[in-house]
1. If you go through segment 51-64 one residue at a time, how many are assigned to a loop (DSSP other than H, G, I, E, B) and modelled with pLDDT of 95 or more?
2. Just to check your reading of the model, which residue among Ala261, Ala255 is among the small types (Gly, Ala, Ser), outside any loop (DSSP other than H, G, I, E, B) and either farther than 22 Å from His211 by Cβ or within 29 Å of the chain's Cα centre (by Cα) (or both)?
3. Could we say that Val326 is surrounded by fewer than 24 Cβ atoms within 10 Å (Cβ to Cβ) and either at pLDDT 95 or above or of a type in the set (A, V, I, L, M) (or both) here?
4. Quick one: in segment 206-229, which of the residues that are in contact (Cβ under 8 Å) with a residue 60 or more places away in the chain and part of a helix (DSSP H, G or I) is surrounded by the most Cβ atoms within 10 Å (Cβ to Cβ)?
5. Taking Val381 as the residue in question, decide whether it is outside the structural domain of Gly327 (by the TED database), open to solvent by less than 20 Å² (accessible area, probe 1.4 Å) and among the β-branched types (Val, Ile, Thr).
6. Let me confirm something: among Thr233, Thr240, which residue is of a type in the set (S, T, N, Q), outside any strand (DSSP E or B) and in contact with a strand residue (DSSP E or B) (Cβ under 9 Å, 6 or more places away or on another chain)?
Amino acid sequence: QGAGGQADGRGRPGAPRERPEPPSWSRARALAAGAPRALPRTVLALERAIGHTLAAPLTALTDLPSFDTSAMDGWAVSGPGPWELVTGPDGAPAPGLLAGDRAEPAPLPDGQAVRIATGARVPPGTSAVLRAEHGELPSASRLRTTAEAPQQGADIRPRGQECRTGDGLLPPGTPVTAAVLGLAAAAGYDELEVVRRPRAEVLVLGDELLHRGLPKDGRIRDALGPLAAPWLTALGADVTATRRLGDDPEALHEALAGTTADVVVTTGGTAAGPVDHLRPTLRRLDAELLVHGVRVRPGHPMLLAALPGGAGSPQDGGPRRRTYLVGLPGNPLAALSGLMTLAAPLLRTLGGRPGPERERQGVLAEEVHGHPRDTRLVPVVHEGAGVRARVRPLRYAGPAMLRGIAGAEALAVVPPGGSAPGTDVRLLELPH
């Protein structure tokens with residue numbers, strides 16, 4: 001235990017008991033991803049859909065663009081030029097065409113031109129748009145080009161250039177980003193069918209934790225309470241509460257038995273010390289233990305369980321769904337290891353993104369010593385860009401330390417036995 005850390009296995013260990021062999025790191029991630037089903041679908045207004053996942057294909061409700069439109073400011077011209085400007089009833093040049101004009105533009109006769117703004121509807125009969133910088137007016141009614149005559153269709157965005165009505169734009173499982181919202185709006189949507197974001201609750205365990213001020217009297221500041229909720233939000237959850245329960249087994253039992261969250265994340269208490277109440281409480285609740293420790297360092301005492309009877313709320317409709325519990329070890333880097341190993345794949349599946357996450361490869365700039373049997377997760381920073389950038393391990397990367405995590409950009413996945421300089425390693429980009 002170090003600064004910012006929480007103890008696991010506090011006090012003397014309990015009597016040894018036979019346990020199944022913990023899964024490998026890769027197997028544990030696969031078990032977490034495969035445990036749940038996606039949460040129910042819901043329909044949200046565009047402005048509320050950011051951060052969710054498409055539950056249905058995004059198909060175009062209109063042609064894009066929905067009419068022939070000018071790509072530049074200039075003149076709509078018909079024929080090779082020079083051109084006579086279209087005139088109004090008074091003989092003066094007609095007003096230009098503007099984006100948003102509701103009136104259908106009149107057909108443009110051969111040899112004539114009319115001013116046009118970017119985004120305006122192109123008149124029937126237009127052969128091209130002459131850019132403003134390429135046109136000159138030798139007289140009030142005549143236009144000519146200062147460059148080559150524009151090619152047929154130049155600077156015209158034809159109707160349906162981007163898509164036609166009914167075209168598939170994005171598949172289910174696509175995260176709804178700002179760009180996706182813009183595309184959906186352009187394609188005619190006011191709301192989207194999405195997978196509901198998982199609701200998560202954080203339970204901070206440990207009587208040794210202070211929540212304000214400097215460490216004193218043998219107690220330390222809680223570092224994971226402030227970290228867990230932002231990390232879970234970045235991984236795709238809606239965090240409903242962070243509760244500090246200390247080492248009270250009845251409070252823990254009550255919190256787990258009555259939760260309506262989809263995922264409960266606990267910090268600390270995953271070992272078997274005299275005040276580590278998480279595993280006894282799970283047995284008391286008859287929870288199903290899905291992952292009972294993982295062959296990874298740091299964070300090997302992490303666990304994943306399914307609470308009986310499920311969670312959920314009446315707004316979901318239908319039967320109550322299962323609630324999953326991710327037990328994080330109490331030290332900060334060990335807790336981050338648990339989040340990336342178990343919580344991240346679990347939340348991806350619940351949120352409707354069951355496919356493989358994007359991965360990067362890096363090249364180690366220096367040797368990383370490994371554990372004889374377990375995978376190591378090591379905080380690193382990038383040195384340069386590219387698909388296989390060099391990465392350098394950070395100092396202050398002990399399980400109880402925060403300095404390495406605060407400066408890290410990714411976790412390097414180091415196989416048992418370690419990796420030499422120049423070795424390719426898998427990278428887990430950290431949530432921000």
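The values are calculated or read from the model by the stated rules, or taken from the named source; none is laboratory data. What you see is a predicted model, and the numbers here were worked out from it, not measured in a lab. Virtual Cβ from ideal backbone geometry, glycine too; neighbours counted across all protein chains shown. Just so you know, the surface numbers come from the protein's heavy atoms only, side chains and all, with ligands and any DNA or RNA stripped out. Shrake-Rupley method; radii C 1.70, N 1.55, O 1.52, S 1.80 Å.
1. First pass over segment 51-64, keeping only residues assigned to a loop (DSSP other than H, G, I, E, B): 51-52, 55-57, 60-63.
Subset that is modelled with pLDDT of 95 or more: 52, 55-57, 60-63.
Total satisfying the criteria: 8.
2. Numbers: Ala261 fails: outside any loop (DSSP other than H, G, I, E, B).
That would be Ala255, the only listed residue that is among the small types (Gly, Ala, Ser), outside any loop (DSSP other than H, G, I, E, B) and either farther than 22 Å from His211 by Cβ or within 29 Å of the chain's Cα centre (by Cα) (or both).
3. On the way: surrounded by fewer than 24 Cβ atoms within 10 Å (Cβ to Cβ): no; either at pLDDT 95 or above or of a type in the set (A, V, I, L, M) (or both): yes.
Here the answer is no, as Val326 does not meet what is asked.
4. So the first thing to find is which residues in segment 206-229 are in contact (Cβ under 8 Å) with a residue 60 or more places away in the chain, and the list is 206-209, 215, 220-224, 227-228.
Now narrow it down to the ones that are part of a helix (DSSP H, G or I): 224, 227-228.
Values: Leu224: 29, Leu227: 19, Ala228: 25.
Going through the qualifying residues, I end up with Leu224.
5. Working: outside the structural domain of Gly327 (by the TED database): yes; open to solvent by less than 20 Å² (accessible area, probe 1.4 Å): no; among the β-branched types (Val, Ile, Thr): yes.
Here the answer is no, as Val381 does not meet what is asked.
6. Numbers: Thr240 fails: outside any strand (DSSP E or B).
Going through Thr233, Thr240 in turn, just one is of a type in the set (S, T, N, Q), outside any strand (DSSP E or B) and in contact with a strand residue (DSSP E or B) (Cβ under 9 Å, 6 or more places away or on another chain): Thr233.
Conditions tested, residue by residue: (1) open to solvent by 70 Å² or more (accessible area, probe 1.4 Å); (2) of a type outside the set (S, T, N, Q).
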| residue | (1), (2) |
| --- | --- |
| Gly96 | no, yes |
| Glu104 | yes, yes |
| Arg121 | no, yes |
| Arg131 | yes, yes |
| Ile156 | no, yes |
| Thr165 | yes, no |
| Val180 | no, yes |
| Ala184 | no, yes |
| Glu191 | yes, yes |
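Quick grid of which residues meet (1) hydrophobic (A, V, I, L, M, F, W, C); (2) open to solvent by 30 Å² or more (accessible area, probe 1.4 Å); (3) free of Cβ contacts under 8 Å to residues at least 12 places away in the same chain:
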| residue | (1), (2), (3) |
| --- | --- |
| Ala385 | yes, yes, yes |
| Arg390 | no, yes, no |
| Ala420 | yes, yes, no |
| Arg426 | no, yes, no |
